[in-house]
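Written out below as structure tokens is the structure these notes cover.
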Amino acid sequence: MTIPYIIPRRMRCAIAAIPALLLLFGCAPAPPETEVPARVEADAPSAEEIIVEAEARARNDQLDEAASMLEELVERERTNTTALRLLANVYSALGLREQSTETWARIALIEPYDPDAAYETALADARRGDWTGVRSKIIALETAGKAEGRHFLLIGEADLELGQKGEAKVYLAKAKGETRARYLLGTIYYGEGKYGRAEEEFAAVLRSDPDNPSAHLHMGWLAYRNGEHREALRHYREAVRLNPGDALPALSLAGLLEEMKRHGEAIEQYRDALSLPGIPPEEKRKAYNSFSRLLVEESRLAEAEQVIAEGLEEFPNSGGLYYQWGMLLLERGDRAGAVEKLKAAARDPVWKEPALRRMSSIR
């Protein structure tokens, strides 16, 4: 027979207190609660998605937003050349040339023979006048077999700036697909007196760029050399129309009109040309002399007197202007005044002989 174990009274009190202690100190299991599902974070956009979005914003003229997106991306992915290339172009569109150049330089460090990066960084050297830097970058690219027409054009221009015409011709010939390369070759041949070669190059320029004012001007000079005055006139007029602020074609046109005895047109053309800035001093002095002579020959003496006065303010020792002043006074019947001005003209070695000869005919 099993004798039941009788818990002493003191122990029964202690055991009875255990559930209360468990609840008090949290050792007992918490009552069941409704479980809240965990929040799922959306995936961050990939680099490709950011680039696509930045391109779309750039196309919609949201350039600042595109730049900000790409700046964050290339800060995170410093060698992402696709993003860097797009960022460089966005900077350029924003007019931030320095930032664009710096970005192309980053690409060049990652990909030393990238044709675009080499071109843009060499172009930055050219803007600074560092033509040696231009040469070194493009020659390295050529050695790697990645140079294109635009690179050869740039190195050709660098060689011209460095006075290396022979080298320039070699590289410009390699870049003949570039219109400017043919124009520069034309100027070289023109300067060397190879007028047939020069004409070939300028004609090629006008076939691809009919509105090139400098090519029209050179074709005008070449036509004039060949005695083709009407052809020269056509090219001069085009050069003036396309670049009305350039004094050189305006003066060339004025001189040709004068030679063709179209004095009224020549006078107006000289007037327009002399109002333009940037005329080389010697050309301007000659223009004042021709302009005043035409006015005297056309008996527009008051206008001639004003032009002579303006010219002498700028060229006080011009024998030609004093000579025309003498002719003007002679037209007015002031023989003594004419002799005085012709004496002043004779102090200019260039005008000494014609001035003395004219004085002797007056006396």
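Taken together, Gly320, Gly311 contain a single residue that is buried (at least 22 other Cβ atoms within 10 Å of the Cβ), at pLDDT 95 or above, closer than 25 Å to Glu259 by Cα and in contact with a Leu (Cβ under 9 Å, 6 or more places away or on another chain), which is Gly311.
Looking at segment 115-146, which of the residues that are aliphatic (A, V, I, L, M) and within 19 Å of the chain's Cα centre (by Cα) is farthest from Gly163 (Cα to Cα)?
Restricting to residues being aliphatic (A, V, I, L, M) and within 19 Å of the chain's Cα centre (by Cα), the top hit is Ala117.
Can you tell me which residues in segment 191-233 are of a type in the set (D, E, K, R), in a loop (DSSP other than H, G, I, E, B) and within 20 Å of Leu172 (Cα to Cα)?
The answer is Glu192, Lys194, Asp209.
In the set (1) over 30 Å from Leu185 (Cβ atoms); (2) in contact (Cβ under 8 Å) with a residue 24 or more places away in the chain; (3) surrounded by fewer than 20 Cβ atoms within 10 Å (Cβ to Cβ), Asp116 fails one condition alone, (1). The lone criterion from (1) modelled with pLDDT of 95 or more; (2) within 17 Å of Ala158 (Cα to Cα) left unmet by Arg197 is number (2). Beta carbons closer than 6 Å, at least 6 apart along the sequence or on distinct chains, pair a first residue in segment 158-185 that is among the polar types (S, T, N, Q) with a second that is buried (at least 20 other Cβ atoms within 10 Å of the Cβ) for Thr179/Val205.
For segment 132-149, the set of residues classified as part of a helix (DSSP H, G or I) and surrounded by fewer than 20 Cβ atoms within 10 Å (Cβ to Cβ) consists of Thr132, Gly133, Ser136, Ile139, Ala140, Glu142, Thr143, Gly149, listed by residue number.
The number of residues in segment 210-230 that are surrounded by 15 or more Cβ atoms within 10 Å (Cβ to Cβ) and under 26 Å from Lys176 (Cα atoms) comes to 12.
The selection criterion, being touching a helix residue (DSSP H, G or I) at 6+ places or on another chain (Cβ under 9 Å) and closer than 23 Å to Leu123 by Cβ, holds for Ala175.
None of Glu238, Glu178, Glu201, Glu258 is within 21 Å of the chain's Cα centre (by Cα), among the charged types (D, E, K, R) and surrounded by 19 or more Cβ atoms within 10 Å (Cβ to Cβ) except Glu178. Only one of Leu274, Leu295, Leu321 is of a type in the set (A, V, I, L, M) and touching a Ser or Thr at 6+ places or on another chain (Cβ under 9 Å); which? None of the others qualify; the one that does is Leu321.
Just wondering, is there one or more residues in segment 351-358 that are over 25 Å from Glu265 (Cα atoms), part of a loop (DSSP other than H, G, I, E, B) and in contact with a helix residue (DSSP H, G or I) (Cβ under 9 Å, 6 or more places away or on another chain)?
yes
Of all the listed residues (Ala54, Ala67), the sole one being farther than 30 Å from Glu161 by Cβ, surrounded by 15 or more Cβ atoms within 10 Å (Cβ to Cβ) and touching a Phe, Trp or Tyr at 6+ places or on another chain (Cβ under 8 Å) is Ala67.
Among Val90, Val52, which is the only one that is more than 22 Å from Glu120 (Cα to Cα), part of a helix (DSSP H, G or I) and at pLDDT 95 or above?
Val52
The values are calculated or read from the model by the stated rules, or taken from the named source; none is laboratory data. Source: prediction; values computed, not measured. All Cβ positions, glycine included, derive from the backbone under ideal geometry; neighbour counts span all protein chains shown.
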